[in-house]
Amino acid sequence: MDRGFLFGDGVYEVFPVYNGLILGLESHLKRLQDGLDAIDIVNPYNKKKWISIINDLISYHQESSNQAIYLQVSRGCDDDRKHTHGKLKPTVYMQSTPFQSSTKGDLLKGSAAITRDDIRWSQCNIKATSLLANIMYAQEAKKHDVEEVILIRDGIVTECSSSNLFLVTNNCIFTHPKGPYILPGITREVVINCAKYCDIEVKEVTFNKDSLMDADEVWISSSTREIVPITCIDDKPINNGKVGEIWSLIYDRYQAIKSINV
Ligand code: PMP
């Protein structure tokens, strides 16, 4: 009778762990709190307790150097299946999965994506466990043998089915602003900080599909995929199919942050 199972009534997080250390711990816990607040679930644990149980889980899996910690908080079990709810005890579920980041050599080969209409609701900033549209897109990407599905809402490129999107034009990085139409990715934030560190301008503004197709570089970002250059969209090459130099700079800085884990 868990409402997570019956309705997808919950929120989740994915924490990337490198050599036992979580990258972006505070930001992930903050986004978890924001999601819980948005759907009116009382956070079952304080920050100290979360850190302690996440670290316990990490320590059980020391054989894997990189782990993705999946954590879900659902509203909990009710005694009846009804849309409305009273005050319930949230259910916490966690798992650790080993993951391997792609090498720079692999990423330099480039990846493909397709575009689709963004049919999701307009509270995409909540990292909700109800992911029907996202899994339909992921399945389509699999069918077309591409890395991602890039989403377009009313002519504006928002993000992807499970990652944020960046483009580079004239040495400036563009990404959709935070708000109801994208998930505020933690990797997105790290990428923006990497760009600042490298003295590269970032504009958090909207752009359309023409700008995407004419861009010098397109990349996607997520906690487990890190930063992946997209060199082909809807069967058309981006920048003649070449991976860009700004991606390379940001990628290198990201790898440096990972190893020092700041
Ligand atoms: N957008 C969507 C829709 C996602 O599902 C994800 C990853 N779960 C992201 C962006 C990237 O978020 P993060 O960098 O926090 O992994």
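The values are calculated or read from the model by the stated rules, or taken from the named source; none is laboratory data. On a predicted model such as this, the values are computed, not experimentally measured, just so you know. When we count neighbours, we look across all protein chains shown, and the Cβ atoms used for this are built from the backbone with ideal geometry, even at glycine. Areas reflect the complete protein model, heavy atoms only, side chains present, ligands, DNA and RNA absent. Shrake-Rupley method; radii C 1.70, N 1.55, O 1.52, S 1.80 Å.
For the residue pairs LYS209/LYS258; LYS127/LYS196; LYS48/LYS203; LYS236/LYS258; LYS82/LYS127; LYS49/LYS142, alpha carbon separations beyond 30 Å are given by LYS209/LYS258; LYS48/LYS203; LYS236/LYS258; LYS49/LYS142. Rolling a 1.4 Å probe across the protein heavy atoms gives segment 104-261 an accessible surface of 46 Å² per residue.
In this entry, segment 66-177 is assigned a mean projected area of 10.5 nm², taken as a quarter of its C-alpha convex hull surface. Within the chain, the longest segment free of exposed loop sites, counting GluC sites (Glu not before Pro) that fall outside DSSP classes H, G, I, E and B and have at most 14 other Cβ atoms within 10 Å, spans 64-200. Across the accessible surface of segment 107-165, with the other protein chains kept in place and a 1.4 Å probe, carbon and sulfur atoms take up 53 percent. Summarising the amide proton neighbourhood of CYS232: residues at separation of 5 or more, or on other chains, whose placed amide H is nearer than 5 Å comprise SER111, ALA113, ILE238. Keeping every protein chain present and rolling a 1.4 Å probe, give me the accessible area per residue for segment 3-98 in Å². With all protein chains present, segment 3-98 gives 54 Å² per residue. Helical content alone sets the calculated 222 nm signal of the chain at -9500 deg cm²/dmol, taking -39,500 (n - 2.57) per DSSP H segment of four or more residues and averaging over every residue. The accessible surface of segment 203-248, taken with every protein chain in place and a 1.4 Å probe, is 41 percent carbon and sulfur.
Normalised by the number of residues in segment 19-155, the mean separation of alpha-carbon contacts (under 8 Å, six or more apart) gives a relative contact order of 22 percent.
Counting protein heavy atoms only, segment 3-98 has 53 percent of its accessible area on carbon and sulfur, 1.4 angstrom probe. Relative contact order for the chain: what is it in percent, counting Cα pairs under 8 Å that are at least 6 residues apart? Relative contact order comes out at 19 percent. Exactly which trypsin sites (Lys or Arg not before Pro) in segment 1-108 are in a DSSP loop and have at most 12 other Cβ atoms within 10 Å? Here the trypsin sites (Lys or Arg not before Pro) that fit, given the DSSP loop and packing criteria, are ARG81, LYS82, LYS87. From the Cα gyration tensor of segment 102-231, with a ≥ b ≥ c the square roots of its eigenvalues, which class applies: rounded if a/c is under 1.5, or else prolate if a/b is larger than b/c, or else oblate? Cα axes put segment 102-231 in the rounded bin.
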